[in-house]
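Engineer: Handing you this structure, nothing more for now.
The values are calculated or read from the model by the stated rules, or taken from the named source; none is laboratory data. As the structure is a computational prediction, the values presented were derived from the model and not from experiment. All Cβ positions, even for glycine, are placed from backbone atoms using ideal geometry, and neighbour counts span all protein chains on display. Accessible surface areas use protein heavy atoms only, side chains included; no ligands, DNA or RNA. Shrake-Rupley method; radii C 1.70, N 1.55, O 1.52, S 1.80 Å.
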Amino acid sequence: MRIATLTNPEEIVITETEKPVAKDNEVVIKVDYIGICGSDIHAYYGKHPFINCPITLGHEFTGKVVETGQKVRNVLPGEMVTAMPQIFCGECEPCESGRYNICNTLKVIGCQTPGAACDYFAFDSSLVKKIPEGMPNDIAA
Ligand SMILES: [Zn+2]
Ligand SMILES: [Zn+2]
């Protein structure tokens, strides 16, 4: 599959890599769209203080579930989904008060961990959200 990596400021390189396999709690999503956020623009020009190269961008995305891990119960293959991009601990004070977006150990996909600018993206099913029926995938992203 193809994966796009911001290797240096203003340089995105597309390479081939192995398609991911879903771990027990993961889904593999065939990516349809990724949004280009303001933070992506800053990252592209090497001006984002919390995003370093090399990084695969893409934290606002949609796609179709093509594989689910053995323990996944919330989504099925064939469903259209997006995901909450924040990877949070669930235990720190901000997380306990529901403010996971400022978790003490927050990581955002496409910023501090690989994002969805690839053909197939494996992600924790607990962060995956179904797209409402009738909503176009590009709008949902
Ligand atoms: Zn964003
Ligand atoms: Zn936390």
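Engineer: Out of (1) closer than 14 Å to residue 123 by Cβ; (2) within 16 Å of ligand 2 (Cβ to nearest atom); (3) charged (D, E, K, R), the odd one out for residue 64 is which?
Structural biologist: Failed condition: (2).
Engineer: Give the range 87-113 a look and list any residue that's more than 6 Å from ligand 2 (Cβ to nearest atom), surrounded by 14 or more Cβ atoms within 10 Å (Cβ to Cβ) and part of a loop (DSSP other than H, G, I, E, B), or say none.
Structural biologist: Once the filter is applied, which keeps residues that are more than 6 Å from ligand 2 (Cβ to nearest atom), surrounded by 14 or more Cβ atoms within 10 Å (Cβ to Cβ) and part of a loop (DSSP other than H, G, I, E, B), the range 87-113 yields 106, 110, 111, 112.
Engineer: So, one more: Evaluate the following for residue 26: is it surrounded by 21 or more Cβ atoms within 10 Å (Cβ to Cβ), away from ligand 1 (no atom under 16 Å from the Cβ) and not small (Gly, Ala, Ser)?
Structural biologist: Working: surrounded by 21 or more Cβ atoms within 10 Å (Cβ to Cβ): yes; away from ligand 1 (no atom under 16 Å from the Cβ): yes; not small (Gly, Ala, Ser): yes.
Spelling it out, residue 26 is indeed surrounded by 21 or more Cβ atoms within 10 Å (Cβ to Cβ), away from ligand 1 (no atom under 16 Å from the Cβ) and not small (Gly, Ala, Ser).
Engineer: If you scan the range 70-85, which residues turn out to be within 17 Å of the chain's Cα centre (by Cα) and either without any contact (Cβ under 8 Å) to a residue 12 or more places away in the chain or under 18 Å from residue 25 (Cβ atoms) (or both)?
Structural biologist: Taking the range 70-85 first, the residues within 17 Å of the chain's Cα centre (by Cα) are 75, 79-85.
Answer for the range 70-85, where residues must be within 17 Å of the chain's Cα centre (by Cα) and either without any contact (Cβ under 8 Å) to a residue 12 or more places away in the chain or under 18 Å from residue 25 (Cβ atoms) (or both): 75, 79, 81, 82, 83, 84, 85.
Engineer: Regarding residue 46, is this residue within 16 Å of ligand 1 (Cβ to nearest atom), surrounded by fewer than 16 Cβ atoms within 10 Å (Cβ to Cβ) and not hydrophobic (A, V, I, L, M, F, W, C)?
Structural biologist: Details: within 16 Å of ligand 1 (Cβ to nearest atom): no; surrounded by fewer than 16 Cβ atoms within 10 Å (Cβ to Cβ): yes; not hydrophobic (A, V, I, L, M, F, W, C): yes.
Judged against the criteria, residue 46 is not a match.
Engineer: Then there is this: In the range 60-85, how many are open to solvent by less than 40 Å² (accessible area, probe 1.4 Å) and either part of a strand (DSSP E or B) or among the acidic types (Asp, Glu) (or both)?
Structural biologist: Qualifying residue count, the range 60-85: 7.
Engineer: Residue under question is residue 64, and the condition is that it be in contact (Cβ under 8 Å) with a residue 12 or more places away in the chain, under 30 Å from residue 134 (Cβ atoms) and away from ligand 1 (no atom under 14 Å from the Cβ); does it hold?
Structural biologist: On the way: in contact (Cβ under 8 Å) with a residue 12 or more places away in the chain: yes; under 30 Å from residue 134 (Cβ atoms): yes; away from ligand 1 (no atom under 14 Å from the Cβ): yes.
It is true that residue 64 is in contact (Cβ under 8 Å) with a residue 12 or more places away in the chain, under 30 Å from residue 134 (Cβ atoms) and away from ligand 1 (no atom under 14 Å from the Cβ).
Engineer: Does residue 13 satisfy being in contact (Cβ under 8 Å) with a residue 12 or more places away in the chain and part of a strand (DSSP E or B)?
Structural biologist: Details: in contact (Cβ under 8 Å) with a residue 12 or more places away in the chain: no; part of a strand (DSSP E or B): yes.
So residue 13 fails the test.
Engineer: Can you go through 46, 69 and tell me which one is touching a Pro at 6+ places or on another chain (Cβ under 6 Å) and farther than 17 Å from residue 140 by Cβ?
Structural biologist: Working: 69 fails: touching a Pro at 6+ places or on another chain (Cβ under 6 Å).
The conditions single out 46.
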